[in-house]
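Below: one structure, written as structure tokens.
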Amino acid sequence: MKITINNRQKIMKLRHNSIKKFLNLICAKAEKAQKNNQQIKELCLTVTDNVGIRKLNLKYFKSDTITDVISFRYQPVPGNLYPIGDIIVNAEKALSPPPAIARRWSPQKEFALYIAHGCDHLYGGEDETLQKRRKMRRKELRWLSDPKIAAQIPKLLCS
């Protein structure tokens, strides 16, 4: 998979190669669990902050909110067989989660969860209801507990 990383924030120092490896592993899990049966061959991960994600929520969803992640799946363009995916992750939100989450895991794991959640959406995951949200979260946490994936989480960010 071709992966591009755009860093639009100064809050976290990213390890691009580790993030790419992590994305490949997570996308492989999401692809196996998908409903739409189509691979994504090109993915762009943009890492932004509260201001950046708020602007995107306003532009695309007419919602003045700060969210953890946004994802877009684009249908194949003429001449291409595969769809393209965009995941936008809010680094600022990952670094300052609510206290209940901060007690459970590190900012790196929160950042990884946002990426996993974006991948889940790209491959057909839906979270419109509480039941669907819970099902998605269980699946994403299961992915993150895979030993190969879990080993990558501490390597995503520079200390």
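Using 0.36 nm per residue, how much length does the chain from ARG8 to LYS62 gain when fully extended, once their Cα-Cα distance is taken away?
On the way: separation 54, 0.36 × 54 = 19.44 nm, distance 2.12 nm.
Extra length from ARG8 to LYS62 when fully extended: 17.3 nm.
Report the extension gain between ASN50 and LYS132 in nm, rounded to one decimal, defined as 0.36 nm multiplied by the number of residues separating them, less their alpha carbon distance.
Gain in length upon complete extension: 27.0 nm.
Taking every pair of distinct Cα atoms and averaging 1/r, then inverting, what Kirkwood hydrodynamic radius in Å comes out for the chain? Walk me through the numbers on the way to the answer.
Details: mean 1/r = 0.0630 Å⁻¹.
For the chain, inverting the mean 1/r across all distinct Cα pairs yields 15.9 Å.
At most 15 other Cβ atoms within 10 Å and a DSSP loop assignment: could you name the trypsin sites (Lys or Arg not before Pro) in the stretch 103-159 that fit? Spell out each step's value before the answer.
Working: sites: ARG103, ARG104, LYS109, LYS132, ARG133, ARG134, LYS135, ARG137, ARG138, LYS139, ARG142, LYS148, LYS155; in loops: ARG103, ARG104.
Within the stretch 103-159, the qualifying trypsin sites (Lys or Arg not before Pro) (loop, at most 15 other Cβ atoms within 10 Å) are ARG103, ARG104.
Can you find, among GLN9, ALA150, ILE26, the residue farthest towards the positive end of the dipole of the chain? Put +1 on the C-beta of Lys and Arg, -1 on that of Asp and Glu.
Final value for the positive-end residue is ALA150.
Between the stretch 76-129 and the stretch 1-24, what is the C-alpha centre distance in whole Å?
13
Taking 8 Å as the Cα distance limit and 6 or more residues as the minimum spacing, I'd like the relative contact order of the chain as a percentage. Before the final figure, lay out each step's value.
Numbers: 257 pairs, mean separation 46.2, N = 159.
RCO, the chain: 29 percent.
Give me the one-decimal nm value for the distance between modelled label points at LEU81 and SER96, 7 Å along each residue's Cα-to-Cβ direction.
About 4.7 nm, to one decimal.
Could you give P(r) for the stretch 1-76, binned at 5 Å from zero, as whole percent values over all Cα-Cα pairs?
For the stretch 1-76, the binned pair fractions read 3, 13, 20, 22, 19, 17, 6, 0 percent.
Among SER63, SER159, which comes first, then next, by fewest other beta-carbon atoms within 10 Å? It would help to have the intermediate numbers written out before the result.
Numbers: SER63 12, SER159 5.
Ordered from fewest to most neighbouring Cβ atoms within 10 Å, SER63, SER159 come out as SER159, SER63.
The numbers here are math on the coordinates, done by the rules we state, and not lab data. Computed from a predicted model, the values in this text were never measured in an experiment. Note that each Cβ is placed from the backbone with ideal geometry, even for glycine, and that neighbours are counted across all protein chains shown.
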